[in-house]
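Below is one structure, written out as structure tokens; the observations come after it.
The values are calculated or read from the model by the stated rules, or taken from the named source; none is laboratory data. These figures come from a predicted structure and were not determined experimentally. Virtual Cβ from ideal backbone geometry, glycine too; neighbours counted across all protein chains shown.
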Amino acid sequence: MPELPEVETVRRSLELHLVGQVVRAVHAQPVALRRPLEPALLTAALTKQSVLSARRRGKYLLADLGSGDRLFVHLGMTGRLTVCSPEAALAPHTHLRLGLENGRELRFIDPRRFGFVTILDRGAEDRDPSLARLGMEPLSPAFPDRLPQLVRPRSAPVKSLLLDQSLVAGVGNIYAAESLWRAGIHPARKGRCISVPRLEALGRHLQAVLGEAIEMGGTTVRDFATPEGGSGYFAIQLAVYGRAGQGCQRCGAKLKSRPIGGRATVWCGRCQR
Ligand SMILES: [Zn+2]
């Protein structure tokens, strides 16, 4: 499943390949994605519209159109966007093609159909049920200073709090586990039992691990490709995620594992407190 770094990689690719373009043609099939793909809505809202910007909120993508509407995309589990020649072979499960002014085509492909592409009216962004509940952006500069205010009023395990989308937008299991290991914080420690300086450090570690993954182009996911057509990949060294039973890279102790908040969790019992 695309994680925040992959979605950010897609956003950067859209900024290169979509922003500044005008949509000339819309080819869509009605299909039951997580939100139904509506050809008439997409055609009316997108045709002849210029694309002004490409933004990300959590794991959602938003493109501002000249009309004030937004193109609203979620990649779900297997969704991907590619920009290619209109002559390029159609991949199976291509649900939407947008012909662009520069002669290229933006395609949305989603075999498992947990993603969506739809339109938000001007002003609807703040009311959308998926967007309205999202918490703070972990990559915002103020995030490390704000993290204690989000975590310390709560008694849930800190890892569950990092994964709570209403507190922190877009963080998945990999990045929660890695940032807690880097910060030396036990994933089951209650939010209210962690000092402000340790939580500020956790916020900085989370930003660093996300930033490293973004720089590398995102996690390798079988069904993910950047719009240029290349595969995303995850080249940062994972210290704990997927390494249960192996040695801690910091102290050598055998890494422990158990579900926390219903999610598989790996940590070092010696250097995470
Ligand atoms: Zn250790």
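Scanning the range 114-136 for residues that are part of a loop (DSSP other than H, G, I, E, B) and either more than 19 Å from the chain's Cα centre (by Cα) or not hydrophobic (A, V, I, L, M, F, W, C) (or both) returns Gly115, Asp121, Arg122, Gly123, Ala124, Glu125, Asp126, Arg127, Asp128, Arg133, Gly135. Only a single item in (1) within 15 Å of Leu18 (Cβ to Cβ); (2) touching a His at 6+ places or on another chain (Cβ under 7 Å) is not met by Val51, and it is number (2).
Would you tally the residues in the range 248-267 being outside any loop (DSSP other than H, G, I, E, B) and either in contact with a Cys (Cβ under 8 Å, 6 or more places away or on another chain) or polar (S, T, N, Q) (or both)? Please lay out each step first, then the result.
Let us first name the residues in the range 248-267 that are outside any loop (DSSP other than H, G, I, E, B), namely 254, 256-260, 263-267.
Going one step further and asking which of them are either in contact with a Cys (Cβ under 8 Å, 6 or more places away or on another chain) or polar (S, T, N, Q) (or both), we end up with 254, 256-257, 265.
Of the residues in that region, 4 qualify.
The residue list Arg263, Arg222, Arg270, Arg250 contains one member that is modelled with pLDDT of 75 or more, out of contact with any helix residue (DSSP H, G or I) (no Cβ under 9 Å at 6 or more places or on another chain) and charged (D, E, K, R), which is Arg270.
Conditions (1) within 20 Å of Ala264 (Cα to Cα); (2) under 14 Å from the mean Cα position of the chain (by Cα); (3) charged (D, E, K, R); (4) assigned to a loop (DSSP other than H, G, I, E, B), marked per residue:
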site: Pro138; (1), (2), (3), (4): no, yes, no, yes
site: Arg146; (1), (2), (3), (4): no, no, yes, no
site: Leu150; (1), (2), (3), (4): no, no, no, no
site: Ser155; (1), (2), (3), (4): yes, no, no, yes
site: Gly170; (1), (2), (3), (4): yes, yes, no, yes
site: Ile174; (1), (2), (3), (4): yes, yes, no, no
site: Ser179; (1), (2), (3), (4): yes, no, no, no
site: Ala201; (1), (2), (3), (4): no, no, no, no
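Please tell me if Thr47 is at pLDDT 95 or above, in contact with a strand residue (DSSP E or B) (Cβ under 9 Å, 6 or more places away or on another chain) and either within 30 Å of Ser140 (Cβ to Cβ) or not hydrophobic (A, V, I, L, M, F, W, C) (or both). Spelling it out, Thr47 is indeed at pLDDT 95 or above, in contact with a strand residue (DSSP E or B) (Cβ under 9 Å, 6 or more places away or on another chain) and either within 30 Å of Ser140 (Cβ to Cβ) or not hydrophobic (A, V, I, L, M, F, W, C) (or both).
Screening Leu41 on (1) within 15 Å of Leu18 (Cβ to Cβ); (2) in contact with a strand residue (DSSP E or B) (Cβ under 7 Å, 6 or more places away or on another chain) shows it passes everything except condition (1).
Within the range 183-190, is even one residue within 16 Å of the ligand (Cβ to nearest atom), within 25 Å of the chain's Cα centre (by Cα) and either assigned to a strand (DSSP E or B) or modelled with pLDDT under 95 (or both)? Checked against the condition, which is being within 16 Å of the ligand (Cβ to nearest atom), within 25 Å of the chain's Cα centre (by Cα) and either assigned to a strand (DSSP E or B) or modelled with pLDDT under 95 (or both), the range 183-190 yields no hits at all. The condition (being surrounded by 22 or more Cβ atoms within 10 Å (Cβ to Cβ) and over 28 Å from Arg133 (Cβ atoms)) is satisfied by just one residue among Val51, Val23: Val23.
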